[in-house]
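First up is the structure itself, then whatever we jot down about it.
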Amino acid sequence: MASFLRIIIPLNLKRLYMSKYKMHILVCAGTGCGSSDSNLVCEMLHDEVERKGLSGDVQIIRTGCFGFCEKGPIVKVLPDNTFYTHVKPADAKEIIDEHIIKGRKVYRLLYTDPESGEHLPDSKHMGFYQKQIRVALRNCGTIDPENIDEAIARDAYQALGKVITELGPDEAINVIKSSGLRGRGGAGFPTGLKWEIARKNSADQKYVVCNADEGDPGAFMDRSILEGDPHSILEAMAICGYCIGATKGLVYIRAEYPLAVKRLKIAIAQAHEYGLLGNNIFGTDFSFDISLKYGAGAFVCGEETALIHSMEGKRGEPANKPPFPAQSGYLGKPTNVNNVETFANIPVIILKSAEWFSSIGTEKSKGTKVFALAGKINNVGLIEVPMDITLREIIYEIGGGIKNGKKFKAVQTGGPSGGCLTEKHLDIPIDYESLTASGSMMGSGGMIVLDEDDCMVSVAKFYLEFIVDESCGKCAPCRIGNKRLHETLKRITDGKGTPEDLDKLKNLCYVIKDTSLCGLGQTSPNPVLSTMENFMEEYNEHVFDKKCRAGKCSSLLYYIISEEECIGCLACKRACPTHAISGEKKEVHVINQEICIKCGACMEKCKFDAISLRSDYPRVSVKMV
């Protein structure tokens, strides 16, 4: 119990330490804003504070992701909660001179409401944040992730102390079960039940594994949590270890996440220094330690058995179940595997109660879900929303609608193994059952918005190409079947598809779903099936009319020279790298479609707008040479 007091001491010291500052400037230092020079913004702000002699009154803090990535780099000033967007290093002097010294907001850096045109000084009035409930992301953008005192000031490790000194393992597991928390990595298995199974399997050694192998295109949920609040994950892993009887934890993290790796290492060292990891935690006989294991970038290693094989130094391939990892996992010992977002919810549930968490969401899908909102959307970013929210609310209220006033066409949820949902699905609630019933899935939380300029056949082909590259090759349905699916889609987008190909696509999709070994193969046909279900007319146009309405399939595009506009200046002919254009000076030129490579050089050189790009396949109306 003496060690438990060590949490309270630095907490109070931190509050005392923070009280000496009159103002705090929070700068997003996540990977997204970091790539836009936010670290340089932070340095410039620090230099200006030093230069003006304000270092005793103003604190500059590097935080994790604020979520509103579209408007980064983001700088927030406290205590007035002023929210600055698109901040550049050159803006640092003005922020210090005007806002900090003179008390005048820098209006040109404030967020401008797209409807009213008003400058909004703080985030609480922004449509992007109004319907969000930040549970897993509660500390991201709020604390310095490299300072354990700031995490403790936000209740870090209090839940661990409560579980060890008050609840005990069985009661803590019952709290997680009662909360209704389900795995946020994709499968949605009840977390408390998973822990209970691992607890009941006796062994001389057990393991807790955090799955941080986030490989979906466009997904950055787990990375942002690790970068912005690593202590929440360490605490949750320790809670899990205490509950199931494990003394060792492993974080399986992508080597492509250097900032997350750096902050995890710092957090682990700090937790050791404070006695929150290691031996005899809180003065009890409970010991728990955490180490990192690096992934090699294989998407299939997001599947828990493939992940375990990879950690053991074996080929990252899934295994048949049973036995489940809770029975025989890492090194043949009982192992509990949860992903980053799942763990991030644990401490809050322990502190705020199962009833509080289960009051959010739907009957079968409790709590919130973090999504990486990307694609043709105005407000690209990281969002956390209650499970009962609709796609319409996410896309049009939080996301701010479609870019450039284009028409919404579809949204891909669940990553490469998910499905495309359309306008008719906009009002379904976001939960595990509703998404599955609509032909998609929750997945880990990728959400990519598509507009009228996207070709759905090409979208399906893109995801199948990813699946083919990432398949481990262990089972034939996934290894060979998905390759055949991709080849068929390529024929169709090349204008060589046949009616028989459409039948083969569907039949092969169902064979792959029914016979693949793991979840990757079983869900891999979803992009094809969902696009055929909702956009069959586009498949028919590609096959029967040799036309791509979106103009994305280059083999179905062609350039044509207008007889009325062409004056025979020879500019296009000289620019063509394949000599596909014929015609003499002052004569109408003609493009040979057989050798044209569609590079666009001719249209770029034409000063008379005589050349146009067409998306319907050349027929009788087009002059062929």
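The values are calculated or read from the model by the stated rules, or taken from the named source; none is laboratory data. Quantities reported herein were computed from a predicted structural model and do not represent experimental measurements. Reconstructed Cβ throughout: ideal geometry from the backbone, glycine too, with neighbour counts over all protein chains shown. Surface accessibility is based on the protein's heavy atoms, side chains included, excluding ligands, DNA and RNA. Shrake-Rupley method; radii C 1.70, N 1.55, O 1.52, S 1.80 Å.
Being touching a Pro at 6+ places or on another chain (Cβ under 7 Å) and under 22 Å from Met441 (Cβ atoms) holds for only one residue in Cys475, Cys518, and it is Cys518.
Do we find that Asp144 is under 15 Å from Glu235 (Cα atoms) and in contact (Cβ under 8 Å) with a residue 12 or more places away in the chain in this structure? Criteria not met by Asp144.
I'd like the full set of residues that are more than 22 Å from the chain's Cα centre (by Cα) and in a loop (DSSP other than H, G, I, E, B), limited to the range 259-311. Answer for the range 259-311, where residues must be more than 22 Å from the chain's Cα centre (by Cα) and in a loop (DSSP other than H, G, I, E, B): Tyr274, Gly275, Leu276, Leu277, Asn279, Asn280, Thr284, Asp285, Phe286, Ser287. Scanning the range 223-255 for residues that are open to solvent by 10 Å² or more (accessible area, probe 1.4 Å) and of a type in the set (D, E, K, R) gives Arg223, Lys248, Arg254. Scanning the range 176-196 for residues that are within 24 Å of the chain's Cα centre (by Cα) and among the basic types (Lys, Arg) yields Arg182, Arg184.
Residues that are closer than 25 Å to Arg254 by Cβ and open to solvent by less than 10 Å² (accessible area, probe 1.4 Å) within the range 339-360 comprise Val340, Glu341, Thr342, Phe343, Ala344, Asn345, Ile346, Pro347, listed in sequence order. Scanning the range 48-80 for residues that are touching a helix residue (DSSP H, G or I) at 6+ places or on another chain (Cβ under 7 Å) and either without any contact (Cβ under 8 Å) to a residue 12 or more places away in the chain or polar (S, T, N, Q) (or both) yields Ser55, Thr63. For the range 361-391, the tally of residues that are open to solvent by 10 Å² or more (accessible area, probe 1.4 Å) and either touching an Asp or Glu at 6+ places or on another chain (Cβ under 8 Å) or farther than 20 Å from Arg138 by Cβ (or both) stands at 12. For the range 574-597, filtering for residues that are in contact with a helix residue (DSSP H, G or I) (Cβ under 6 Å, 6 or more places away or on another chain) and surrounded by fewer than 15 Cβ atoms within 10 Å (Cβ to Cβ) leaves 0.
Listed here are the residues, each with its yes/no results for (1) at pLDDT 95 or above; (2) within 30 Å of His272 (Cβ to Cβ); (3) among the hydroxyl-bearing types (Ser, Thr, Tyr).
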| residue | (1), (2), (3) |
| --- | --- |
| Arg62 | yes, yes, no |
| Pro73 | yes, no, no |
| His99 | yes, no, no |
| Leu110 | yes, no, no |
| His119 | no, no, no |
| Asn139 | yes, yes, no |
| Asp144 | yes, yes, no |
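Residues in the range 256-288 that are open to solvent by 60 Å² or more (accessible area, probe 1.4 Å) and touching a strand residue (DSSP E or B) at 6+ places or on another chain (Cβ under 6 Å): His272 only.
Here Gly473 passes the criteria (1) open to solvent by less than 30 Å² (accessible area, probe 1.4 Å); (2) within 29 Å of Leu373 (Cα to Cα); (3) within 27 Å of the chain's Cα centre (by Cα) except the one numbered (2). Restricting Val459, Val411 to those that are touching a residue at least 40 places away in the same chain (Cβ under 8 Å) and either out of contact with any helix residue (DSSP H, G or I) (no Cβ under 9 Å at 6 or more places or on another chain) or surrounded by 22 or more Cβ atoms within 10 Å (Cβ to Cβ) (or both) reduces the list to Val459.
The set of residues from the range 514-547 being part of a loop (DSSP other than H, G, I, E, B) and over 16 Å from Pro499 (Cα atoms) comprises Ser516, Leu517, Cys518, Ser524, Pro525.
Taking every residue in the range 367-378 that is over 14 Å from Arg392 (Cα atoms) and pairing it with any residue that is of a type in the set (Phe, Trp, Tyr), at least 6 positions away or on another chain, the pairs with Cβ-Cβ distances below 6 Å are Gly367/Phe357; Ala372/Phe220. The helices (runs of 4 or more DSSP H) found wholly in the range 116-215 and carrying at least 2 residues that are open to solvent by 20 Å² or more (accessible area, probe 1.4 Å) and among the hydrophobic types (A, V, I, L, M, F, W, C) occupy 191-200.
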